[in-house]
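In what follows, a single structure is set out as structure tokens and then discussed.
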Amino acid sequence: MARYGRKSRQKVKRAMHERKRGKLRSGRSGKKVRSRKQAIAIGLSEARRAGAKVPRRKGRKRKSSRKKS
């Protein structure tokens, strides 16, 4: 069974084309995206928002910010 749906493939393809042409920008800062991995991540997150079949993100590692007494 496929992990990714058709819509997710289309979103990633569009993001890669935009990156190649220098049109793809990151979220908050609005800086130009130069990294291939970043472009793929943006495409997948857009696909997730659109309701495409995309596997869940891996859990982030959390820093322990507890103070030692």
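Each of the peptides 38-48, 12-22 was scored by the mean count of other Cβ atoms within 10 Å over its residues; in descending order, highest first, they stand as 38-48, 12-22. Sort the chain into rounded, prolate or oblate with this rule: let a ≥ b ≥ c be the square roots of the eigenvalues of the Cα gyration tensor; rounded if a/c is under 1.5, and if a/c is not under 1.5, prolate when a/b is larger than b/c, oblate otherwise. Oblate shape, in that a/c is at least 1.5 and b/c is the bigger or equal ratio. The lysine pair count for the chain, using Cα distances under 21 Å and pairs eight or more places apart or on different chains, is 26. For the pair Lys7 and Arg48, the difference between a 0.36 nm per residue extended length and the Cα-Cα distance amounts to 13.8 nm.
Each Lys and Arg Cβ is given +1 and each Asp and Glu Cβ -1; about its Cα centre, the chain then shows a dipole of about 380 debye.
Bear in mind that the values in this text are calculations on the coordinates, not laboratory data. Everything numeric in this text was worked out from a predicted model, so none of it was measured. Ideal geometry is used to build each Cβ from the backbone, glycine not excepted, and the neighbour counts take in all protein chains shown.
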